[in-house]
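Notes to accompany the following structure.
The values are calculated or read from the model by the stated rules, or taken from the named source; none is laboratory data. Keep in mind that what you see is a predicted model, and the values were worked out from it rather than measured. Reconstructed Cβ throughout: ideal geometry from the backbone, glycine too, with neighbour counts over all protein chains shown.
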Amino acid sequence: MKNLFSNIKGDAFGGITAGIVALPLALAFGVSSGLGPTAGLYGAIFISFFAALFGGTSTQISGPTAPMTAVSMVVIAGIIATNDGDINKALPVILTVFLLAGLMQVGLGVLGLGKYIRYIPYPVVSGFMTAIGVIILLTQILPSLGYYPKEDMEFVNTFKPHAEEVILENILKEQAGEGILVLEDFKETVNRAHEISQEAILKESQTLAAKDASGALGAVKILPTALQNINWLELILALGTILIIYGFKRITKAVPSTLVALIVMSGIAVGFELDYRPIEEIPSGLPIPNLEIFTGFKLSHITPYIFTALTLSLLGAIDSLLTSVVADNMTKTKHKPNKELVGQGIGNSIAAVFGGIPGAGATIRTVVNISSGGKTKLSGMIAGLLLLVILLALGPVASKIPAAVLAGILITVGIGVMDYKGLKAIPSLPRDIKFGPFKLSSEVLIMIVVLLLSTFWDLIYAVGIGLVIASLMFMKKIGDLTAERSNVKPLKEEAWKDEINFPENLKEEVFIKHIKGPLFFGSTSDFQQLTAQIPNTARTVIIRLGRMQYMDQSGLYAMEDMLQDLNKKNIEVLFVGLLKQPKYMMERIDIIPDLIPKEHIFDNFKKCLEWIKSNGKNHK
C-alpha cells in the first residue's frame with residue numbers, strides 16, 4: 001500500500017489526463033460495438049480500475065480498444081441476429097460470452113501462458129492491426145454520412161420476401177417442436193401464417209437489412225445507396241470532428257484533441273439547435289449488475305460461442321501485453337505478463353457483469369498516463385474513478401453528443417491503429433517464394449492474407465490461418481538453410497578462439513556479443529535483452545554474426561531498435577562475419593548504411609581488431 005501512494009500527485013495527474021482521453025473513445029467504441037455508449041463507458045470504468053488494481057504493469061491504462069471492439073462488434077451482431085434482432089433478449093447471452101472471455105484470460109494468466117504471446121510473428125500482428133483500422137474506417141462511413149440502413153424503407157422493403165420466409169420457417173419449427181404434423185395439419189400452419197402482422201414482417205425485414213449492411217463487407221455493399229442518401233448535416237459534423245482532431249494536435253498536444261473535437265462539435269450542434277441525430281441516452285445513476293447472466297444461464301446458449309470467447313481472451317492478452325512492452329520501454333521497468341493477464345481478466349469479467357464491452361491495455365492512454373507523471377497502479381484506478389464521476393455527473397449532458405461526432409472520432413482511431421511501419425516495408429522485403437512466374441515475399445504474403453481475411457471474412461480465422469502459414473514458411477526456410485549448411489564444412493570452434501588474446505586494455509571499453517542461430521519472431525525477446533547486458537564502460541560493441549544464417553522481419557526490427565538504442569548512447573557497433581540473407585534484409589530498410597556504415601562490417605575478427613586499434617574513437 002505504501003508503494004501505491006508513493007507518487008500521488010503524478011498518478012492523480014496521469015490518471016485524470018488518461019481518463020479524459022479515454023472518455024470520447026469509450027463512448028465511440030460503445031456505439032460502434034452495437035451495445036450503445038453506456039456499454040463503452042461501463043467497460044472503461046471497470047476494466048481501467050480492476051485491471052490496474054490486480055494487473056502486472058504499474059502504468060497501464062486499460063479500457064475498450066479498437067481490436068477488442070472490432071471483434072465484439074461481430075459477436076454482438078451475430079447474437080442479436082439469432083435472437084430475432086431483439087437486443088434485450090440477446091444481451092444476457094452477449095454478456096455471458098464477455099464474462100467467459102474474462103475468466104479465460106484469468107485462466108491464461110494462472111497457467112503462466114503470458115510469456116508465450118511473444119511468439120506471434122510480426123506480419124500476423126501487422127496484418128491484423130491494419131485490418132482493424134480498415135474495418136473501423138469502413139463501418140464508420142455510414143454513420144458519418146448519416147445513413148442508417150434499418151431506417152431506409154426502400155432498402156428494408158427489399159428484404160420483405162426473405163423476412164416472410166424466415167417467419168414461416170420459425171412457424172414450421174414451432175409446430176414441429178409441438179408435435180404438429182405440418183403437411184397433415186396444414187390448416188394450423190395457414191391459421192398461424194394469417195396471424196403474422198405487418199409489424200412483425202417489417203421488424204424482421206429491418207433485422208435482415210441491418211445484418212446485410214453490417215461489417216466491412218456490408219458497408220462496402222451498401223455504400224452506393226448511402227452516397228445517394230447523404231445527410232449533409234451529419235457529414236459536416238463528422239468532417240468537422242476529424243479536422244479538429246488533426247488540426248488541434250498541431251497547436252498543442254497538452255490538451256487531448258479528441259476531447260476538444262467532442263466538446264466543440266457537440267457544443268455547435270446543441271448551441272445552434274441543429275436537427276442532428278444524438279447518441280442513445282446514457283442512464284444516470286450507478287451501474288447495476290445484469291443478474292440475468294446467472295439466473296437465465298443455459299449452456300446451450302453459450303456453446304456456439306466458446307471459441308469466440310477464447311479468441312476475445314487471446315486478443316485481449318496480445319493487445320494488453322504489447323502495450324505493457326511499450327510501457328516497459330518508456331519507464332525502464334519490467335511488467336509481469338501472467339499477473340497482467342489475471343488483472344485484465346478480472347477487469348473484463350466485472351465489466352461484463354455490469355453490461356460493459358470488453359477491453360485491454362490501451363497504448364495511447366498508457367503513454368499519456370506515463371507522460372503526465374503516472375508511475376503506480378493508482379493512476380489506472382484514478383482514470384476509472386474519474387469516468388465513473390463523469391457518468392454520474394454528466395450522463396444526461398453526454399446523451400446530447402451527436403452520433404456523427406463519435407463516427408468522426410472513430411475514423412481517426414481507424415487511421416491511427418494501422419501498422420504503417422509494416423506497410424512501408426512491403427516494397428523492400430526480399431521476394432523469397434515463387435508462385436508460378438511470380439516472386440513474392442513470404443512476410444508480405446502473410447500480412448496481406450491476414451489483412452484481407454480479417455477485413456472481409458473473419459478476424460479469428462484470419463489470425464489462425466496467418467499463424468499456420470507463418471509456421472510453415474518458417475519451417476521451410478530453416479529446413480532449406482539447414483540443408484544448405486550441411487554442404488558446408490562445419491564452423492570450427494577455433495574461429496571463436498581468436499578472442500582469447502584480446503588486448504587487456506580494451507576489455508573494459510569493447511563488448512563482444514555472439515549471435516548463434518537465426519534471429520526470428522521466436523528469438524527476438526531474448527535478443528532485446530542484449531542492450532541491458534552491455535556494461536556502462538563500453539564504448540564499442542562487436543556483434544559476431546557468422547552463425548546467424550537468417551533473420552525475419554520481427555528480427556530485423558528488433559535489430560533496428562537495438563542499434564538505435566546504442567546509437568543514442570554514442571556506442572559504436574561493428575559487425576563481424578555478416579552473412580548474405582541478414583545483410584540483404586538490413587540493406588532493404590537502410591540499417592546498412594544508416595546505422596551501420598559499410599566500413600563497420602568485417603569479414604573476420606582479426607580485421608575488426610586491427611580497425612579498433614587504428615580507428616576506434618576511444619581506443620587510440
Go through (1) in a loop (DSSP other than H, G, I, E, B); (2) touching a strand residue (DSSP E or B) at 6+ places or on another chain (Cβ under 9 Å); (3) modelled with pLDDT of 85 or more for residue 559 and report which single condition fails. (1)
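If a residue must be in a helix (DSSP H, G or I), within 22 Å of residue 145 (Cβ to Cβ) and in contact (Cβ under 8 Å) with a residue 60 or more places away in the chain, how many such residues does segment 256-278 contain?
The first filter runs over segment 256-278 and keeps only residues in a helix (DSSP H, G or I), leaving 257-271.
Filter once more, keeping what is within 22 Å of residue 145 (Cβ to Cβ): 258, 261-262, 264-266, 268-270.
Add one more test, that the residue is in contact (Cβ under 8 Å) with a residue 60 or more places away in the chain, and what stays is 258, 261-262, 265-266, 269-270.
So the answer is 7.
Could you tell me which residue of segment 535-551 is surrounded by the most Cβ atoms within 10 Å (Cβ to Cβ), considering only residues that are polar (S, T, N, Q) and closer than 18 Å to residue 604 by Cα?
As a first pass, look at segment 535-551 and keep what is polar (S, T, N, Q): 536-537, 540, 549.
Right, trim to closer than 18 Å to residue 604 by Cα and you get 540, 549.
Working: 540: 22, 549: 20.
Ranking the candidates gives 540 first.
Of the residues that sit in segment 570-593 and are loosely packed, with under 13 Cβ neighbours inside 10 Å and over 31 Å from the mean Cα position of the chain (by Cα), which one is farthest from residue 541 (Cα to Cα)? Let's see the steps before the verdict.
First, pick out the residues of segment 570-593 that are loosely packed, with under 13 Cβ neighbours inside 10 Å: 570, 580, 590.
Next, only the ones that are over 31 Å from the mean Cα position of the chain (by Cα) stay: 570, 580.
On the way: 570: 11, 580: 21 Å.
Among residues in segment 570-593 that are loosely packed, with under 13 Cβ neighbours inside 10 Å and over 31 Å from the mean Cα position of the chain (by Cα), the one farthest from residue 541 (Cα to Cα) is 580.
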Of (1) surrounded by fewer than 16 Cβ atoms within 10 Å (Cβ to Cβ); (2) part of a helix (DSSP H, G or I), residue 554 satisfies every one except (1)
The lone exception for residue 140 - which of (1) modelled with pLDDT of 90 or more; (2) not in a helix (DSSP H, G or I) it fails: (2)
Please give the number of the condition residue 583 fails out of (1) under 25 Å from residue 529 (Cβ atoms); (2) in contact (Cβ under 8 Å) with a residue 24 or more places away in the chain. (2)
Would you check if there is a residue in segment 120-129 being outside any helix (DSSP H, G or I) and touching a helix residue (DSSP H, G or I) at 6+ places or on another chain (Cβ under 9 Å)? yes
Of the conditions (1) touching a residue at least 60 places away in the same chain (Cβ under 8 Å); (2) outside any loop (DSSP other than H, G, I, E, B), residue 499 fails just one. Which one is it? (2)
Check whether at least one residue in segment 272-284 is among the polar types (S, T, N, Q) and farther than 21 Å from residue 47 by Cα, and report yes or no. no
Quick check: is even one residue across segment 243-255 within 29 Å of residue 453 (Cα to Cα) and modelled with pLDDT of 95 or more? no
List pairs: first residue in segment 155-168 and on the phi > 0 side of the Ramachandran plot, second residue exposed (fewer than 15 other Cβ atoms within 10 Å of the Cβ) anywhere in the structure, Cβ distance under 9 angstrom, at least six positions apart or on different chains. none
Being part of a loop (DSSP other than H, G, I, E, B) and either touching a Cys at 6+ places or on another chain (Cβ under 7 Å) or within 20 Å of residue 45 (Cα to Cα) (or both) is the filter here, so list the residues in segment 63-117 that pass it. 64, 65
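What do you reckon, is residue 154 of a type in the set (Asp, Glu) and closer than 28 Å to residue 34 by Cα?
On the way: of a type in the set (Asp, Glu): yes; closer than 28 Å to residue 34 by Cα: yes.
It is true that residue 154 is of a type in the set (Asp, Glu) and closer than 28 Å to residue 34 by Cα.
Name the residue, out of 244, 302, that is assigned to a helix (DSSP H, G or I), in the same structural domain as residue 39 (by TED's automatic domain parsing) and more than 16 Å from residue 403 (Cβ to Cβ). Walk me through how you get there before you give the answer.
On the way: 244 fails: in the same structural domain as residue 39 (by TED's automatic domain parsing).
Only one candidate passes the filter, namely 302.
Taking the residues in segment 70-122 that are among the hydroxyl-bearing types (Ser, Thr, Tyr) and either modelled with pLDDT under 85 or in contact with a Leu (Cβ under 6 Å, 6 or more places away or on another chain) (or both) as candidates, determine which candidate is surrounded by the most Cβ atoms within 10 Å (Cβ to Cβ).
Filtering segment 70-122 down to residues among the hydroxyl-bearing types (Ser, Thr, Tyr) leaves 72, 82, 96, 116, 119, 122.
Right, trim to either modelled with pLDDT under 85 or in contact with a Leu (Cβ under 6 Å, 6 or more places away or on another chain) (or both) and you get 82, 116, 119, 122.
Numbers: 82: 12, 116: 13, 119: 16, 122: 25.
Result: 122.
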Which fully enclosed helices (runs of 4 or more DSSP H) of segment 353-432 have 1 or more residues being over 28 Å from residue 240 (Cα atoms) and out of contact with any strand residue (DSSP E or B) (no Cβ under 7 Å at 6 or more places or on another chain)? 363-371, 378-398, 420-425
Across segment 335-345, what is the number of residues that are touching a helix residue (DSSP H, G or I) at 6+ places or on another chain (Cβ under 6 Å) and either part of a strand (DSSP E or B) or over 23 Å from residue 28 (Cα atoms) (or both)? 7
As an exercise: evaluate residue 39 against (1) surrounded by 24 or more Cβ atoms within 10 Å (Cβ to Cβ); (2) under 18 Å from the mean Cα position of the chain (by Cα); (3) of a type in the set (A, V, I, L, M, F, W, C) and give the number of the one condition it does not meet. (2)
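The rows are residues; the columns are (1) of a type in the set (Asp, Glu); (2) crowded, with 21+ Cβ neighbours inside 10 Å.
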{"site": "285", "(1), (2)": "no, no"}
{"site": "292", "(1), (2)": "yes, no"}
{"site": "316", "(1), (2)": "no, yes"}
{"site": "320", "(1), (2)": "no, yes"}
{"site": "331", "(1), (2)": "no, no"}
{"site": "338", "(1), (2)": "no, no"}
{"site": "348", "(1), (2)": "no, yes"}
Subset of segment 441-462 [in contact with an Asp or Glu (Cβ under 8 Å, 6 or more places away or on another chain) and not in a helix (DSSP H, G or I)]: 441
Can you tell me which condition residue 554 does not meet? The list is (1) modelled with pLDDT under 85; (2) out of contact with any helix residue (DSSP H, G or I) (no Cβ under 7 Å at 6 or more places or on another chain); (3) not aromatic (Phe, Trp, Tyr), and all the others hold. (2)
